[in-house]
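Trainee: Just passing along the structure, written as structure tokens.
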Amino acid sequence: MKTILVTGGAGFIGSNYLNEFVPLYSGIKFINVDSLTYAGNLANVTVSALPNYVFEQVDITDAFKLENLFDTYKPEGIIHFAAESHVDKSISDPDAFIKTNIGGTNNLLRLAVKHSIIRFHQVSTDEVYGSLGEEDSAFTESSQLAPNNPYSASKAAGDLLVRSYYKTFGLDAVITRCSNNYGPNQDDTKMIPLFIKKLLAGERVPLYGDGLHVRDWLHVSDHVRAIDLVFHKGKSGEIYNVGGDNELTNIVLVNKLLKLTNRNSDAIEFVTDRKGHDRRYAIDASKIQNELGWKPVVTFEEGIADLLALSN
């Protein structure tokens, strides 16, 4: 491919993807399309001076401006990161999530078919599968979709739209669903950067419910390697789960952070659990490991140590 359109490239995962692969693929032009909401920051993108990088401030819900971008740059591939992704915000304002995660995705898909895009990559989440019990097996690609909040429901709907365009229009498309990410450039309202910031400032951290919710943590650098691998080598029409094989209860995670920041348990403030809070996520990533040879390489201890170093 000569030109790849990357939506949401000023956000957390999108910027890490661009920072890693724009220098590596000097023969490919990357068009970063981002509306620069609260979740997007151009300072996250460290490769903006490179000749194969272009930024366009466009909202994917604006079909007319998107059409102009396709006409101007004639992209051959799309990696679709752009999304409303804060669960709490989806509870207070579901409409924004429906508009972006469903309507915006449909705009891209429609234009992808119209302009004969070679590959469309939908970056999704394990939250579309819903919640697991303590003894349940990890989510596989064939697990039933059972989203429990407006954010995950809107992402599931976007995934189903991608599948429908693959089936109905023959669009070459792949989907990746990842576990909880952490790493550089993450919005500081998310759990790990928020807690690190508060602990280093001598403040208390808010922990939902009993603190026993379980998440599988994946470093963003491992995630973007998986995305690039699936984009280039994944089989059309397939879904690939991407997990860190690193399940932790929230209370165990907080205790790790307390130790690293020399704080004690008095820094924890238990707060009322949020609505629609899934109990446990766990990803079975054997498909991408066996078929494409990917595996996570950044340990949780290494990733957190790097974040603390950046925060000090």
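Only the coordinates and a few stated rules stand behind these numbers; no lab work does. Everything numeric here is computed off the predicted structure, so don't read it as measured data. Here the Cβ positions follow ideal geometry from the backbone for every residue, glycine too, while neighbour counts run over all protein chains shown.
Trainee: Any idea how far apart S26 and K74 come out in nm if each label point goes 7 Å out from Cα toward Cβ?
Mentor: According to this spin-label approximation, the distance is 2.4 nm.
Trainee: So if I restrict to the alpha-carbon atoms in the stretch 1-68, what is the Rg, and what is Dmax, the biggest pairwise distance, in Å?
Mentor: Rg and Dmax of the stretch 1-68, Cα atoms, are 11.4, 32 Å.
Trainee: Right, next: Taking only Cα atoms and a 10 Å spring cutoff, compute GNM fluctuations for the chain and point out the largest among N250, N148, N290.
Mentor: Most flexible of the set in this elastic network: N290.
Trainee: On to the next question. Who wins for biggest fluctuation among Q144, Q122, Q289 in a Gaussian network model of the chain, springs between alpha carbons below 10 Å?
Mentor: Q144
Trainee: Also, quick follow-up: Going by how many other Cβ atoms sit within 10 Å of their own, how do S221, S142 line up, fewest first?
Mentor: S142, S221
Trainee: Can you tally the net charge around F231? Count Lys and Arg as +1, Asp and Glu as -1, for every other residue whose Cβ sits under 13 Å from the Cβ of F231.
Mentor: On the way: positive: R119, R225, K233, K235; negative: E20, E76, D172, D228, E238.
So the environment of F231 carries a net charge of -1.
Trainee: Structure shown: which of K197/K235; K2/K295; K99/K167; K29/K275; K99/K256; K2/K190 lie over 31 Å apart, alpha-carbon to alpha-carbon?
Mentor: On the way: K197/K235 41 Å; K2/K295 28 Å; K99/K167 23 Å; K29/K275 42 Å; K99/K256 38 Å; K2/K190 35 Å.
Beyond 31 Å between Cα atoms: K197/K235; K29/K275; K99/K256; K2/K190.
Trainee: Exposed loop sites here are trypsin sites (Lys or Arg not before Pro) in DSSP loop states with at most 16 other C-beta atoms within 10 Å. What is the longest stretch of the chain lacking them? Mind showing how you got there, number by number?
Mentor: Working: sites that count: K2, K190, R204, K235, R274, K275, R279.
The reported range is 3-189.
Trainee: Then there is this: Past the 22 angstrom mark, what percentage of all C-alpha to C-alpha distances in the stretch 79-233 do you count? Intermediate values should be presented prior to the final figure.
Mentor: Numbers: 5672 of 11935 pairs.
So the portion of pairs separated by more than 22 Å is 48 percent.
Trainee: What does the helix-only formula give at 222 nm for the chain: each DSSP H stretch with n ≥ 4 adding -39500 (n - 2.57), the total divided by the residues, and the result rounded to the nearest 500 deg cm²/dmol?
Mentor: Details: 11 runs with 115 residues, N = 312.
Calculated from helices alone, the mean residue ellipticity at 222 nm is -11000 deg cm²/dmol.
Trainee: Follow-up question, since we're still on this one. Can you list the residues, at least 5 places off or on another chain, whose amide H is less than 5 Å from the amide H of L207, using H built in the peptide plane?
Mentor: E269, F270, V271
Trainee: Same structure, new question: Can you compute the equivalent ellipsoid semi-axes for the chain, i.e. the square root of 5 times each eigenvalue of the Cα gyration tensor, sorted largest first and rounded to whole Å?
Mentor: Working: eigenvalues 197, 92, 70 Å².
Square roots of five times the eigenvalues give 31, 21, 19 Å.
Trainee: While we're on this one: To make sure I understand, if each residue's beta carbon is the centre and we count other beta carbons within 10 Å, what order do Y166, Y73 fall in, fewest to most?
Mentor: Y73, Y166
Trainee: Quick one: 3J(HN,Hα) in Hz for the stretch 207-217, Karplus 6.51/-1.76/1.60 with θ = phi - 60°, rounded, Gly and Pro as x.
Mentor: Going residue by residue, I get 10, 5, x, 8, x, 9, 5, 10, 10, 9, 9 Hz, with x marking Gly and Pro.
Trainee: So, one more: Regarding the stretch 1-121, what's the average projected area of the Cα-atom convex hull, expressed in nm²? Mind showing how you got there, number by number?
Mentor: Values: hull surface 27.5 nm².
Over all viewing directions, the stretch 1-121 projects a mean Cα-hull area of 6.9 nm².
Trainee: Under 5 Å between amide hydrogens, which residues at least 5 positions from A282 or on another chain qualify, with H placed 1.01 Å from N in the peptide plane?
Mentor: F139
Trainee: How are the alpha carbon pair distances in the stretch 178-235 distributed across 10 Å bins from zero to the largest one, expressed in percent?
Mentor: 20, 39, 27, 11, 3
Trainee: May I pose another question? Taking θ as phi - 60°, what are the ³J(HN,Hα) couplings along the stretch 244-253 by the Karplus curve (6.51, -1.76, 1.60), each to the nearest whole Hz, with x for Gly and Pro?
Mentor: My calculation for the stretch 244-253 gives x, 6, 8, 6, 9, 6, 4, 5, 5, 4 Hz in order.
Trainee: When the Cα centres of the stretch 234-312 and the stretch 68-135 are compared, how far apart do they sit, in Å?
Mentor: One Cα centre to the other: 23 Å.
Trainee: At each listed q (0.15 Å⁻¹), what is the log10 of I(q)/I(0) that the Debye formula gives for the stretch 147-280 modelled as equal alpha-carbon point scatterers?
Mentor: Taken in order of the listed q values, log10 I(q)/I(0) reads -0.85.
Trainee: Please turn the phi angles of the stretch 141-156 into ³J(HN,Hα) values with the Karplus equation 6.51 cos²θ - 1.76 cosθ + 1.60 (θ = phi - 60°), one per residue in order, whole Hz, x for glycine and proline.
Mentor: Using θ = phi - 60°, the values come out as 5, 9, 4, 5, 6, 8, x, 10, 8, x, 4, 5, 5, 5, 5, 4 Hz.
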